[in-house]
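Accompanying notes for the structure given below.
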Amino acid sequence: MNVKNVCILGATGSIGLNTLDVIARHSEKFKPYVLTANRNAEEMLALCKQYRPRYAVMAAESAAQDLHQLVQASQLEVEVLGGPGALIDVAALDEVDIVMAAIVGAAGLRPNLAAARAGKKVLLANKESLVMSGELFMKEVRDTQAQLLPIDSEHNAIFQCLPTGYQCGEGIAADIRRILLTASGGPFRNFDAAALKAVTPAQACRHPNWSMGQKISVDSASLMNKGLELIEACWLFDVRPDDIEVHIHPESIIHSMVEYTDGSVLAQMGNPDMRTPIAYGLGWPERLESGVASLNLFELASLNFERPDDQRFPCLELARQAFKAGGTACASLNAANEEAVAAFLKGNIPFTSIPDIIDGVLGGTAVRPVNCVEDVLSADQSARCEANRLISGLTTI
Ligand code: NAD
Ligand code: MG
């Protein structure tokens, strides 16, 4: 059997490391051919020593120079590349079969588009790129017949519950009534408005069920993660926000569900461990051993569900509105959220200001049509400027 070359965009992150863990269990099937990271050369050196990729790419040029020296000193046969252009180049290399899109945030947009354009098997973890440019991205996938597989656990669950042979971007069949998108509710599910105002970045990053990067952890705590996922589901499965009902499910065992017209509800279940959707994506259409422990339903005993509270957690509704507004609105929503989350993590604004900033940006920036990636990136820049103007207004009070 041919060994498949894998390019892991964002190899040093939570999804990247879990991907390497699964790949290491199947070295006869997959080779980590390209690893990329942002600026931490030491972390990348450790991965190069362990996994011996053909290429190692640092998004920051200065970090690429550091890595180059470290790699030479260690006498490793790894070619080091640097800069955002290199991320785009490696995602489209002829020798690459599979691209794991696991950069966090808008920085993943161009490399992911390049992977789709090159017709790769694209394993999509980086939901922000799809939120920003859903229409363009899905068009690229359809035109090139790239194989797009969702890695976000909820979307992977939905994909698994759809009829065999379903391809992302096709409309789902008429015999499907709705999608039930589950959410853990995050660490502040039971906090009242006053308590929410006082939460710290460390508390927000301590997710009850999942171990993830900082940005997505804060998004989970604010429910913006579910807002981004609602938009992601609309693009992946060609549905409308009204076809999706969010269910808070604090145990994170059911990863999402699909309801059919006959009343059947299909759910995908499993322990909250990203190696399950990662192994599914890598192996598809085969199943692979992932290292994930068996589900113990006796120990779990009960599964609970509740409705999301839009008063305490307004981000989900803001995302719904942005999708309905169309054009550049979702790119603005995403950019405002990235800036607000970064300001919260630095301790510059309270947690409860995150939705206020996003709401302010959506109200203060025009929605324009999207014809090309430059339209998306220009909306992204304008929204970041407006978000930072609002953030500095808050921090100087
Ligand atoms: P993380 O912060 O742990 O890792 C992010 C990776 O992206 C790192 O390798 C980092 O070096 C790289 N990176 C950051 N900024 C960059 C830039 N400007 N240019 C190039 N590379 C950059 O994040 P994560 O938790 O692994 O999440 C990655 C993506 O997967 C996010 O879009 C997230 O929403 C999505 N996702 C994550 C999980 C999870 O369990 N962690 C689940 C579902 C979806
Ligand atoms: Mg998810």
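The values are calculated or read from the model by the stated rules, or taken from the named source; none is laboratory data. This structure is a prediction, so every number in the text was calculated from the model and none was measured. Glycine also receives a Cβ, built like all others from the backbone with ideal geometry; neighbour counts cover every protein chain displayed. What goes into the accessible areas is simple: the full protein's heavy atoms, side chains included, and nothing from ligands, DNA or RNA. Shrake-Rupley method; radii C 1.70, N 1.55, O 1.52, S 1.80 Å.
Counting just the residues of the range 162-204 that are β-branched (Val, Ile, Thr) and either closer than 30 Å to GLN145 by Cβ or surrounded by 14 or more Cβ atoms within 10 Å (Cβ to Cβ) (or both), which one comes out nearest to the chain's Cα centre (by Cα)? By that ranking, first place goes to THR182. Scanning the range 189-212 for residues that are at pLDDT 95 or above and under 24 Å from ALA233 (Cα atoms) turns up just one, ARG189.
Conditions (1) in a loop (DSSP other than H, G, I, E, B); (2) among the hydroxyl-bearing types (Ser, Thr, Tyr); (3) more than 16 Å from ALA102 (Cα to Cα); (4) open to solvent by less than 30 Å² (accessible area, probe 1.4 Å), marked per residue:
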position: ILE8; (1), (2), (3), (4): no, no, no, yes
position: LEU17; (1), (2), (3), (4): no, no, no, no
position: VAL22; (1), (2), (3), (4): no, no, no, yes
position: TYR33; (1), (2), (3), (4): no, yes, no, yes
position: THR36; (1), (2), (3), (4): no, yes, no, yes
position: GLU42; (1), (2), (3), (4): no, no, yes, no
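Of the helices (runs of 4 or more DSSP H) lying entirely inside the range 193-233, those containing at least 2 residues that are within 13 Å of ligand 1 (Cβ to nearest atom) and among the hydrophobic types (A, V, I, L, M, F, W, C) are 214-222.
When the residues of the range 107-123 are filtered to those that are aliphatic (A, V, I, L, M) and more than 8 Å from ligand 1 (Cβ to nearest atom), the one that is most open to solvent (accessible area, probe 1.4 Å) is ALA118. Filtering the range 169-177 for residues that are within 30 Å of GLU251 (Cβ to Cβ), within 16 Å of ligand 2 (Cβ to nearest atom) and touching a Leu at 6+ places or on another chain (Cβ under 7 Å) leaves an empty set.
Checked against (1) open to solvent by less than 40 Å² (accessible area, probe 1.4 Å); (2) modelled with pLDDT under 95, GLY364 passes all but condition (1). A count restricted to the range 43-98 and to residues that are over 26 Å from the mean Cα position of the chain (by Cα) and of a type in the set (Gly, Ala, Ser) stands at 3. If you go through the range 205-233 and keep only what is of a type in the set (Gly, Ala, Ser), more than 14 Å from CYS330 (Cβ to Cβ) and either open to solvent by less than 10 Å² (accessible area, probe 1.4 Å) or within 11 Å of ligand 2 (Cβ to nearest atom) (or both), you end up with SER217, SER220, ALA221, SER222. Remark: pairs (first residue in the range 347-364, of a type outside the set (Asp, Glu); second residue outside any helix (DSSP H, G or I) and at pLDDT below 95; Cβ separation under 8 Å; 6+ apart in sequence or on different chains) are absent. In this structure, does ALA46 turn out to be within 27 Å of GLU128 (Cβ to Cβ), of a type in the set (A, V, I, L, M), touching a residue at least 12 places away in the same chain (Cβ under 8 Å) and part of a helix (DSSP H, G or I)? No, not satisfied. Test ALA73 against the stated conditions and say whether it is aliphatic (A, V, I, L, M), without any contact (Cβ under 8 Å) to a residue 24 or more places away in the chain and open to solvent by 10 Å² or more (accessible area, probe 1.4 Å). Considered against the rule, which asks whether it is aliphatic (A, V, I, L, M), without any contact (Cβ under 8 Å) to a residue 24 or more places away in the chain and open to solvent by 10 Å² or more (accessible area, probe 1.4 Å), ALA73 comes out as yes. Taking the listed residues ALA157, ALA118, ALA125, the one that is free of Cβ contacts under 8 Å to residues at least 60 places away in the same chain and of a type in the set (A, V, I, L, M) is ALA118, with no other qualifying.
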